[in-house]
Amino acid sequence: MENGRKLVLLSKAQIREIYQTLIPADFPPAEIKAWRTLSDGFDEGYYEGYGYYKNDVLQAYAFLVRIEFRDECAYILDYFAVIDEFRGKGTGSGLISALKKLKEGMPLFCEADDPEYAETEEERSVRDRRVSFYKRNGFADTGVHSRVFGCDFVNLEMTDGNVHDPETVSLIMGMMYRFYLDEQMYRKQIIFKTGN
């Protein structure tokens, strides 16, 4: 428990409630997967949701995808958001810290909107702040960028100084999308590249 906050593993019903009530306000429509995708992942055991609570009030949430590869288990932060009224108070950093402790020793990856593809200076500023947030909280740029259904991302990894090579990062991140998409759609909509 950090600052009176606690990390709680969410039930499928709790994940659905967050999906229906919070995710539409926290993420652009192009980044919101169909509920069935999350539901199937939960039922098949590779999708987890966590709430970050203080005094039984949800302050932030994180949904993760578990990927098993090469005798290793990794997690990808699929959705991560702090409830508006709790932003700027260390809540997001606290949730990252709690997840890092929970998944200690396991790689943790995330995607952040790539600032290079922002359409306005204001949007670029927001994207820069998001990438900076992850870096301040222990993530490093893997050098892998992706385009997912037309949305451009920087791929980051929680690190103790060692980052997986770009080929492995692309493989891990790609495995998440292969859970959701058939091969034809994957090849059409998911692109990974290294460097800038």
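Bear in mind that the values in this text are calculations on the coordinates, not laboratory data. The shown structure was predicted, so the numbers you read here are calculated from the model rather than taken from an experiment. Neighbour counts are summed over all protein chains in view; Cβ atoms, including those assigned to glycine, are modelled from backbone coordinates with ideal geometry.
When the square roots of the Cα gyration tensor eigenvalues are ordered a ≥ b ≥ c, the ratio a/c for the range 1-106 is 1.5 or more and a/b does not exceed b/c, which makes its shape oblate.
Computed from point charges on the beta carbon alone (+1 for Lys and Arg, -1 for Asp and Glu), the dipole magnitude for the range 111-196 about its Cα centre is near 140 Debye.
Taking 30 Å as the cut-off for C-alpha to C-alpha distance, list the pairs among LYS100/LYS188; LYS33/LYS101; LYS100/LYS193; LYS101/LYS188 that go past it. Please list the in-between numbers first.
Details: LYS100/LYS188 33 Å; LYS33/LYS101 27 Å; LYS100/LYS193 27 Å; LYS101/LYS188 37 Å.
Too far apart for the 30 Å limit: LYS100/LYS188; LYS101/LYS188.
Think of the chain as a dipole: +1 on every Lys or Arg Cβ, -1 on every Asp or Glu Cβ, centred on the Cα centre; then among VAL65, VAL8, SER97, VAL8 lies furthest on the positive end. In terms of the mean number of neighbouring beta-carbon atoms within 10 Å, the peptides 59-70, 37-48 order highest first as 59-70, 37-48. Using Cβ point charges alone (K and R +1, D and E -1), the dipole size of the chain about the Cα centre works out to roughly 440 debye.
Annotation for the range 10-31 versus the range 162-196: alpha-carbon center distance of 23 Å.
Dipole of the range 111-196 computed with +1 at Lys/Arg Cβ and -1 at Asp/Glu Cβ about the Cα centre; of TYR117, TYR134, VAL148, farthest Cα towards the positive end is VAL148. Computed log10 I(q)/I(0) for the range 111-196 at 0.14, 0.18, 0.19 Å⁻¹: -0.50, -0.80, -0.87, from the Debye equation with unit scatterers placed on every C-alpha and solvent omitted.
Full extension from THR194 to LYS33: what is 0.36 nm times the residue separation minus their Cα-Cα distance, to one decimal in nm?
Numbers: separation 161, 0.36 × 161 = 57.96 nm, distance 2.51 nm.
Between THR194 and LYS33, full extension yields an extra 55.5 nm.
Could you please report the charge total around ARG127, scoring K, R as +1 and D, E as -1 over all other residues with beta-carbon less than 9 angstrom from its beta-carbon? Show your work: numbers first, answer last.
Numbers: positive: ARG124, ARG129, ARG130; negative: ASP113, ASP114, GLU116, GLU123, ASP128.
Net of charged neighbours comes to -2.
Sort the chain into rounded, prolate or oblate with this rule: let a ≥ b ≥ c be the square roots of the eigenvalues of the Cα gyration tensor; rounded if a/c is under 1.5, and if a/c is not under 1.5, prolate when a/b is larger than b/c, oblate otherwise. Note, shape of the chain comes out rounded. Extension gain for TYR186-TYR117 works out to 22.7 nm (0.36 nm per residue, less the C-alpha to C-alpha distance).
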